[in-house]
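For reference, the structure I am asking about is given below.
The values are calculated or read from the model by the stated rules, or taken from the named source; none is laboratory data. Please read all numbers here as calculations on a predicted model, not as lab measurements. Because the Cβ atoms are built from the backbone with ideal geometry, glycine has one as well, and the counts that use them run over all protein chains shown.
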Amino acid sequence: MTKFAHELVTGDTLDPLSFTVTPEWNQQYCYAQEDFDPRYLAGRDAGSAEVHPTLLLSMSAYTKSPSFRLAPGTGSIMGEQSCTFLSPAAVGKRLDVTFHVVATYEKRDRRFEVVESTVTDEDGTLILRRESHLTFGSNE
């Protein structure tokens, strides 16, 4: 993707992101949230630990796409967001995030982009669906 974020149109995609959450990385999010639920640290019933939801939210932001670019002097502004968690993600599995512009619209003389991010694991299980409404500001 060679466009700046504010130039994206319906149908555009940003480059996908793949990552694997280590126990240590997950634990840092647990410490930051002061959330020591055993499912995030040791797993349930001797299964693997679950990835903390805040880590999934952080990594599914469209700014995490390798092709995300802001034009000089601009910034992105979150206008609205909805997230649906569909399945837990397991620590140690590869997670893949896709980013699609599903709509654009104008509101209060500002152009908005609606970006859908999805997180799936290496087995193809859908983990998270996120819809973000974004606009852009500049220092001019």
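Looking at the structure I just gave you, is Phe36 loosely packed, with under 15 Cβ neighbours inside 10 Å and touching a strand residue (DSSP E or B) at 6+ places or on another chain (Cβ under 9 Å)? It would help to see each step written out before you state the result.
Working: loosely packed, with under 15 Cβ neighbours inside 10 Å: yes; touching a strand residue (DSSP E or B) at 6+ places or on another chain (Cβ under 9 Å): no.
Spelling it out, it is not the case that Phe36 is loosely packed, with under 15 Cβ neighbours inside 10 Å and touching a strand residue (DSSP E or B) at 6+ places or on another chain (Cβ under 9 Å).
Pairs under 8 Å by beta carbon, first residue under 23 Å from Leu56 (Cβ atoms) in segment 4-25, partner in a helix (DSSP H, G or I) and charged (D, E, K, R), six or more apart or different chains?
Leu17/Lys64
Could you identify the single residue in Leu14, Leu55, Leu8, Leu41 that is surrounded by 14 or more Cβ atoms within 10 Å (Cβ to Cβ), more than 15 Å from the chain's Cα centre (by Cα), among the aliphatic types (A, V, I, L, M) and closer than 30 Å to Gly137 by Cβ?
Leu8
Looking at Thr120, Thr135, which one is farther than 22 Å from Thr10 by Cβ, part of a strand (DSSP E or B) and either in contact with a strand residue (DSSP E or B) (Cβ under 8 Å, 6 or more places away or on another chain) or in contact (Cβ under 8 Å) with a residue 40 or more places away in the chain (or both)?
The match here is Thr120.
Within segment 75-103, take every residue that is hydroxyl-bearing (Ser, Thr, Tyr) and crowded, with 16+ Cβ neighbours inside 10 Å and give me the one that is modelled with the lowest pLDDT. Lay out the reasoning, then the answer.
Applying the first criterion (hydroxyl-bearing (Ser, Thr, Tyr)) to segment 75-103 yields 76, 82, 84, 87, 98.
Next, only the ones that are crowded, with 16+ Cβ neighbours inside 10 Å stay: 76, 98.
Working: Ser76: 93, Thr98: 98.
In this case the residue turns out to be Ser76.
When segment 92-116 is examined, which residues are found to be among the small types (Gly, Ala, Ser) and within 16 Å of Ser76 (Cα to Cα)? First the steps, then the outcome.
Step one: of segment 92-116, the residues among the small types (Gly, Ala, Ser) are 92, 103.
Answer for segment 92-116, where residues must be among the small types (Gly, Ala, Ser) and within 16 Å of Ser76 (Cα to Cα): there is none.
Ok, one more. Quick one: count up the residues across segment 22-46 that are in contact with a helix residue (DSSP H, G or I) (Cβ under 9 Å, 6 or more places away or on another chain) and either closer than 30 Å to His100 by Cα or not basic (Lys, Arg) (or both).
Here the count works out to 14.
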